[in-house]
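The values are calculated or read from the model by the stated rules, or taken from the named source; none is laboratory data. Model, not experiment: these values are computed from the prediction. Glycine gets a Cβ as well: all are built from the backbone with ideal geometry, and neighbour counts include every protein chain shown.
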């Protein structure tokens, strides 16, 4: 019933949001007589802010159309490599007429970025993809809003997530480098572990960023909620059915609007200050600051519904049973054994000020992956970075990305050298 009430409220607010948008333009357009009345700038700013607080935020586009390779501007086209009911594997295909750039791109490593299925769309990693495209062939998981998946497609469990990751790795090939951000660090480690146990080739490297490998270490407010509430509490209080006006009508989900409420509740003062600053920027005519605010909240406020089965599985497996670190996690009947990974190099990254995945939670992967030689294990703490800072923004571009780029290049070069030596010996 809560989901239906929310949709009713959203439908009722839509006309007021459009009215506020039109009124903001009426008091701001230079050809409008209202723009020359006293306090017009403040009235316009107030209506603009009201519009943004009341509007519905749709999934943004990646909007990546170009990149730079060795100083040469190249075209980028977004392609669908694999389409599954709950996820699309996207490839950012690069094109150029420059022979030097083409030769460089041909030898660059392939990277699979596994985006989180935890409320926001994969476009939250736009900055990550933009940086990677300069030096890599990039694929990314684009998870589907569960309310858009018809009920006939069946449920989606955490085990299915692991199977999706394995399928994507096999499709790209064993020379892939996998980067997982936040929530997917756990299922990615499980996917690679199961491939290693089965004797399959595993990725050349795994880069794990700000994820809850061992949520018992330095628990945050997010961890405490998941650990202190019973499994039945989550089933009763956060799971609802999709209303009839969506393709996934009747599907049990953890609604995006509830997740968004939780995101805002973690730092309400920060968001209130941000909106007030936006109001002041509009009055002052600071268009650059106002546009930066719009871009951030267009992304931040766009959320998706998660399949209930997947969400509840994650709560139980990762935050209550700690099945991965306890060695008790079975995926489709197979025990997850990270110690079986031997050839994949490992890099873990944590933000000093991360309030979602606490210090040491991601680093715990090194203890689990005991089969990887210590010389192939690395960890990087990002000074002054919060959760989002390790994959987006200035600290990502200036501090984190150079480390990730060097790590991938090192082990991509090692593999290439090994192939050349084997060919020469043959």
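Observations on the model:
- Of all residues in region 165-188, those that are within 21 Å of residue 306 (Cα to Cα) and either free of Cβ contacts under 8 Å to residues at least 60 places away in the same chain or buried (at least 24 other Cβ atoms within 10 Å of the Cβ) (or both) total 10.
- Filtered residues of region 164-184 (kept if in contact with a strand residue (DSSP E or B) (Cβ under 8 Å, 6 or more places away or on another chain) and in a helix (DSSP H, G or I)): 164, 165, 167, 168, 169, 171, 172
- Looking only at residues in region 199-216 that are within 21 Å of residue 400 (Cβ to Cβ) and part of a loop (DSSP other than H, G, I, E, B), the one that is farthest from the chain's Cα centre (by Cα) is 204.
- The residues in region 123-152 that are over 19 Å from residue 59 (Cβ atoms), in contact (Cβ under 8 Å) with a residue 24 or more places away in the chain and surrounded by fewer than 18 Cβ atoms within 10 Å (Cβ to Cβ) can be counted, and the count is 2.
- Lone unmet requirement of (1) out of contact with any strand residue (DSSP E or B) (no Cβ under 8 Å at 6 or more places or on another chain); (2) within 30 Å of residue 316 (Cα to Cα) for residue 103: (2)
- Selection within region 35-68 - buried (at least 18 other Cβ atoms within 10 Å of the Cβ) and either in contact with a strand residue (DSSP E or B) (Cβ under 7 Å, 6 or more places away or on another chain) or within 17 Å of residue 115 (Cβ to Cβ) (or both): 62, 67
- Helices (runs of 4 or more DSSP H) wholly inside region 266-315 that include at least 1 residues being more than 22 Å from the chain's Cα centre (by Cα) and buried (at least 17 other Cβ atoms within 10 Å of the Cβ): 268-284, 287-300
- Residue 381 vs. criteria in the same structural domain as residue 215 (by TED's automatic domain parsing), assigned to a helix (DSSP H, G or I) and at pLDDT 95 or above: no
- Here residue 343 meets the list (1) part of a helix (DSSP H, G or I); (2) in contact (Cβ under 8 Å) with a residue 60 or more places away in the chain almost entirely, failing just condition (1).
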